[in-house]
Amino acid sequence: RFQESRERLSVCSKLCYAVGGAPYQITGCALGFFLQIYLLDVAQVDAFYASIILFAGRVWDAITDPMVGFFISKTPWTRFGRLMPWIMLSTPFAIISYFLIWFVPDISTGQVMWYLVFYCAFQTLVTCFHVPYSALTMFISREQSERDSATAYRMTVEVLGTVLGTAIQGQIVGRVDTPCIESPFFFSLTNSSVAMEELNMTHDTESLTDTRNAYMIAAGVIVGLYILCALILVLGVKEKRDSSELQSDEPVSFLQGLKLVMNHGPYIKLIAGFLFTSLAFMLLEGNFALFCTYTLGFRNEFQNILLAIMLSATLTIPFWQWFLTRLGKKTAVYVGIASAIPFLIVVVVVDSNLFVTYVVAVAAGISVAAAFLLPWSMLPDVVDDFKLQHPSSHGHEAIFFSFYVFFTKFTAGVSLGISTLSLDFAGYQTRGCSQPDQVKFTLKMLVSAVPVGLILLSLLLFKLYPIDEEKRKKNKKALQDLR
């Protein structure tokens, strides 16, 4: 009883821990929803090169996760802990590189290189923040229920972070009307097309400058929030050395640990299921702004639709936390993630209707909340299961968390690259007021048909995941006996 009360975390500790998840989500959401449309329509990067930037940036981001996980496993304990120094040192450099992603350099050549370098630099630095932060879950308490509770706090704040990212970026940028160019077919109908273009050119240049400034203001606000959240995390959370049996007699071999982790069946099955789920939601996220703008025709409304999705997700996180404690995590996966399917179908089948789109956005948010919370709630159970099977092997937490993030990011990179490339093949018109029918059809596929297929595949894979509620309780009891 005394041991249990000693392990209990205060609400303040949980909140300070949870706030640390916001920087990754705020920046990730702003980049996920807006970087593609920014590169294409504001920085005016060719669709082919934009696909290379998005693909290379995401893949590089994925590669850095296991690398950072490796270096963390080799990091000695300091008076700040083993994970906290990573968070403290990466923050200043991360905010500089993030700001420069949203800056349009005044260079005719090398623009693609600019975005590639700063996008990759930011992804590396935010990984140096987020991998140790994710692994911190195992270092704040030994109690499974306390970790689950802290994870629910964290997920609520993280989804709130996505709301902030969407709201700040969307509302600031949405206030400025990004100029578009009428279809060349329209101009060919009139002899005065050249005069028309010259007349609009000055207005277009001014409007484009306003849009670029709006993106930089949004970046400045987000950078300020990043610093504030990092400070609250570092000052408010104490990393406990005795929470994991970190001090092992033998130095941990990373490759040996990696081999053990990758041979752990429940981990591979959990990763496989969430791989396809996250891929579905990444495709939706990456193409939703373009889909609202061009397929549905809501050019000035998409930032509010995105906000509806994220607000809905934030408000339903507590419900999913209640649901998984009552009916189990595996049931929550089936109900939560499958609930997105009918609404993803409705949004493309029903004719462009703003009310229907908002209803779909709210419903999609409920599913997004489940997809957010569940992997992070289930990963510690897998780590506990691993500890029971390998009681003498310690210090592999960073490998579990970093490789989960690696696989999801790698597939996200592939999906974003392929989707931007497929828009290029479909004939995407940079800064076009409207797009060809092939582009509209491609966007429908990318936000509906493909995600639905991926979600169905993930639900089949979850059937193989072996840790149900009964197994989880047995593991908890066995771990307490072991200690």
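The values are calculated or read from the model by the stated rules, or taken from the named source; none is laboratory data. This structure is a prediction, so every number in the text was calculated from the model and none was measured. Don't worry about glycine lacking a Cβ; one is built from the backbone with ideal geometry, like all the others, and counts go over all protein chains shown. Ligands, DNA and RNA are excluded from the accessible area calculation, which covers all protein heavy atoms including side chains. Shrake-Rupley method; radii C 1.70, N 1.55, O 1.52, S 1.80 Å.
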request  = Return the whole-Å distance between the Cα centroid of the range 74-92 and the Cα centroid of the range 147-180.
outcome  = 27
ask   = Taking only the alpha-carbon atoms of the range 9-142, what semi-axes of the equivalent ellipsoid follow from 5 times the gyration tensor eigenvalues under a square root, in whole Å, largest first?
value = 32, 15, 12
query = Full extension from residue 181 to residue 238: what is 0.36 nm times the residue separation minus their Cα-Cα distance, to one decimal in nm?
reply = 15.1 nm
key: Solvent exposure of the chain as accessible area per residue, Å², 1.4 Å probe   = 42
ask   = In degrees, nearest 10, range 0 to 90: what is the angle between the Cα axis of helix 469-482 and the longest Cα principal axis of the chain?
value = 50
task = Let me know the whole percent of all Cα-Cα pairs from the chain that are separated by more than 28 Å.
result = 52
request  = Rounded to whole Hz and in sequence order, give me ³J(HN,Hα) for the range 54-65 from the Karplus expression 6.51 cos²θ - 1.76 cosθ + 1.60, θ = phi - 60°, writing x for Gly and Pro.
outcome  = 5, 5, 4, x, 5, 5, 4, 4, 5, 5, 5, 4
remark   = Sorted on mean Cβ neighbours within 10 Å (highest first), peptides 467-473, 63-69, 426-432 come out as 63-69, 426-432, 467-473
query = If the chain between residue 77 and residue 44 were fully stretched, how many nm would it gain, using 0.36 nm times the residue separation less the Cα-Cα distance?
reply = 7.2 nm
ask   = For the chain, what does -39500 (n - 2.57) per DSSP helix run (n ≥ 4), summed and divided by total residues, give at 222 nm, in deg cm²/dmol to the nearest 500?
value = -26000 deg cm²/dmol
note = If the chain between residue 414 and residue 445 were fully extended at 0.36 nm per residue, the gain over the current Cα-Cα distance would be 9.5 nm
query = In what sequence, highest mean first, do 12-18, 132-138 appear when ranked by Cβ atoms within 10 angstrom?
reply = 132-138, 12-18
message = Let me check I've understood the local charge: for residue 321, count other residues with C-beta under 12 angstrom from its C-beta, Lys and Arg +1, Asp and Glu -1. What total comes out?
response = +2
message = So for the range 252-482, averaging the separation of alpha carbon pairs under 8 Å that are six or more residues apart and normalising by length, what relative contact order in percent results?
response = 40
task = Let me know the shape class of the range 54-116, please: from the alpha-carbon gyration tensor, a ≥ b ≥ c as square roots of the eigenvalues, rounded when a/c is under 1.5, otherwise prolate if a/b is greater than b/c, or oblate.
result = oblate
ask   = Across bins of 5 angstrom width beginning at 0, how are the C-alpha pair distances of the range 252-482 distributed, in whole percent?
value = 1, 6, 13, 16, 17, 14, 11, 8, 6, 4, 2, 1, 0, 0
remark   = FRET efficiency (residue 325, residue 388; Cβ distance; R0 30 Å; to 0.05) is 0.85
query = How much of the accessible area of the chain, probe 1.4 Å, is carbon plus sulfur, in whole percent?
reply = 66
task = Report the FRET efficiency, 1/(1 + (r/R0)^6), for residue 354 and residue 107, where r is their Cβ-Cβ distance and R0 is 30 Å, rounded to 0.05.
result = 0.15
ask   = What is the spin-label model distance, in nm, from residue 217 to residue 10 if the labels are put 7 Å beyond Cα along the C-beta direction?
value = 4.0
remark   = Dividing the mean separation of Cα pairs under 8 Å (6+ apart) by the residue count of the chain yields a relative contact order in percent of 29
